[in-house]
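Novice: Before we start, here is the structure in question, set down as structure tokens.
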Amino acid sequence: MNMFTALFLVILVLSFAVEWWLSRRQLAYVRIHRNAVPDAFKDTISLEAHQKAADYTMDKGRLGNLDRIIGLFVLLLFTLGGGIDLVNRFWIGFELPSLVTGIGVVLSTILLINLFELPISLYQTFAIEERYGFNRNTPRQFVTDLVLQTVLSLAIGGPLLALILWIMQSVGSYWWLLAWSIVMGFSILMSWAFPTFIAPLFNKFTPLQDETLKRRIETLLDRCGFQSKGIFVMDGSRRSGHGNAYFTGIGDSKRIVFFDTLINSLNHDELEAVLAHELGHFRRRHVLKMLVASALITLIGFALLGWLSGQDWFYSGLGVSSQSNALALILFMLIMPVFTTFLQPVIAYFQRRHEFEADDFAAYYTKPAHLISALVKLYRDNASTLTPDPLYSAFHYSHPPASIRIANLSAKPS
């Protein structure tokens, strides 16, 4: 066992132990508070709804623990267990050009890992979501989505992967800088293309028909200085009973999207407040800030990959007997989540701060009470727990816990 193998195993065990401990804390905390609605919600959330949210959270948490165990097993199987080495030898046996072999190794490994994860996705959809009344999906729709996602991933990701591997092979020691530039350019391109070309393959987007609501939204957009290509309602109820709203796209492809489930759940005041929150992310430049942060992290990642790809111990320490650009790339993709586990609370902290800023923006342009009532309905209708474990939420939650968020809004002038 070389030193890198030992380091990898230590970090893997430590990250798994911390995640498991946090999950157990969350389950225990939610269970303890299951039988009493928090004081701030006693007039708006029934005990039955609160208990449903607690049970839903615990069931998802238990499934998450199982997924964590499977993920640990799969990671060890494909690295130290020799899985990637076996896939690599399989493709080498065809005696294809090195670039084609590399593409085959990476795509085959990703496909096999996704197959291991498929049962968890099926159980989440057709057992847990079904049990709590959220699932609207059908086996046929699930399979159709899965096939379409796979085809799109191959059609879009395949050429990008081929280009990255070619750059690694042909450009020289600073290949990672060019590769990073291409990946970031691709990300921006996809941000532009997704709402117009990709999302409509999965859902139907209909222009908002409610003229009264449309006029209110257009007035809000003018006040906030936001230009959009349209306001759309998405048939989210086709697959799920959960509700949401978001804006997507960049440049002239920006659009505002409401789930039809949200339109049916909230009144006009509440919908306007939810939209104001989403606009707050735009006006406070959260999208740009996250893009810059992502670009910096990705640059560091590519630079690190550029160095690791030339180190013998990197391959042998992860159970691979030969070296190639494709092997370096897939190994790096698999192990980096382990080594970045403890960055999660830092990222979550900034995400929650952005949520507070967006709430403050919404409270300025609409009434805080309207956003509060909208959030309460969303917590209730989505069965979101009102009592998460503070440490677990600090580590994992991108949004502030319900009680803290409502308290922040309640302190705003009406």
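Novice: For the chain, modelled as a GNM with alpha-carbon contacts under 10 angstrom, which of Phe116, Phe282, Phe197 fluctuates the most?
Specialist: Highest fluctuation of the listed residues: Phe197.
Novice: Still on this model: Are there DSSP H segments in the chain that both extend 24 Å or more along their axis (alpha-carbon positions) and score a mean Kyte-Doolittle hydropathy of at least 0.5? List them, or say none.
Specialist: Correct list, ordered by number: 3-32, 98-123, 175-193, 286-308.
Novice: Take the residue pairs Lys289/Lys412; Lys42/Lys367; Lys254/Lys367; Lys60/Lys289 and return only those whose Cα atoms are more than 29 Å apart.
Specialist: Over 29 Å apart, Cα to Cα: Lys60/Lys289.
Novice: Follow-up. Taking the stretch 21-62 as the region of interest, what is the percent of Cα-Cα pairs per 10 angstrom bin, listed from the shortest bin to the one with the maximum distance?
Specialist: Pair shares across the bins are 31, 50, 18, 1.
Novice: Counting each DSSP H run of 4 or more residues in the chain as -39500 (n - 2.57), what helix-only mean residue ellipticity at 222 nm follows after dividing by all residues, to the nearest 500 deg cm²/dmol?
Specialist: Mean residue ellipticity at 222 nm (helix-derived): -22000 deg cm²/dmol.
Novice: Need the full-extension length gain, Arg24 to Thr150, defined as separation in residues times 0.36 nm minus the C-alpha distance. One decimal, nm.
Specialist: Separation in residues times 0.36 nm, less the Cα-Cα distance, equals 42.0 nm.
Novice: Same structure again: Can you list the equivalent-ellipsoid semi-axes of the stretch 160-277, largest first and in whole Å, using the square root of 5 times each Cα gyration tensor eigenvalue?
Specialist: Semi-axis lengths for the stretch 160-277 are 37, 16, 11 Å.
Novice: Also: Find how many whole Å separate the alpha carbon centroid of the stretch 182-209 from the alpha carbon centroid of the stretch 126-180.
Specialist: 15
Novice: Here is a further query. Rounded to the nearest 5, what is the percent of antiparallel bridges among the DSSP beta bridges in the chain?
Specialist: Of the beta bridges lying entirely in the chain, close to 65 percent run antiparallel.
Novice: In the chain, which longest range has no trypsin sites (Lys or Arg not before Pro) that are both DSSP loop (not H, G, I, E or B) and surrounded by at most 14 other Cβ atoms within 10 Å?
Specialist: Excluding the exposed sites themselves, the longest stretch runs over 43-203.
Novice: Report the extension gain between Asp210 and Tyr349 in nm, rounded to one decimal, defined as 0.36 nm multiplied by the number of residues separating them, less their alpha carbon distance.
Specialist: 46.3 nm
Novice: Have a look at Ser173, Ser240, Ser228 and tell me which one the Gaussian network model of the chain (Cα, springs below 10 Å) gives the largest fluctuation.
Specialist: Ser173
Novice: Comparing Gln149, Gln124, Gln51, which has the greatest mean-square fluctuation in the GNM of the chain with Cα pairs linked when under 10 Å apart?
Specialist: Gln149
Read-outs throughout are calculated quantities, based only on the coordinates presented, and are distinct from any laboratory measurement. In this text the structure is predicted, and so the values were computed from the model without any measurement. Glycine gets a Cβ as well: all are built from the backbone with ideal geometry, and neighbour counts include every protein chain shown.
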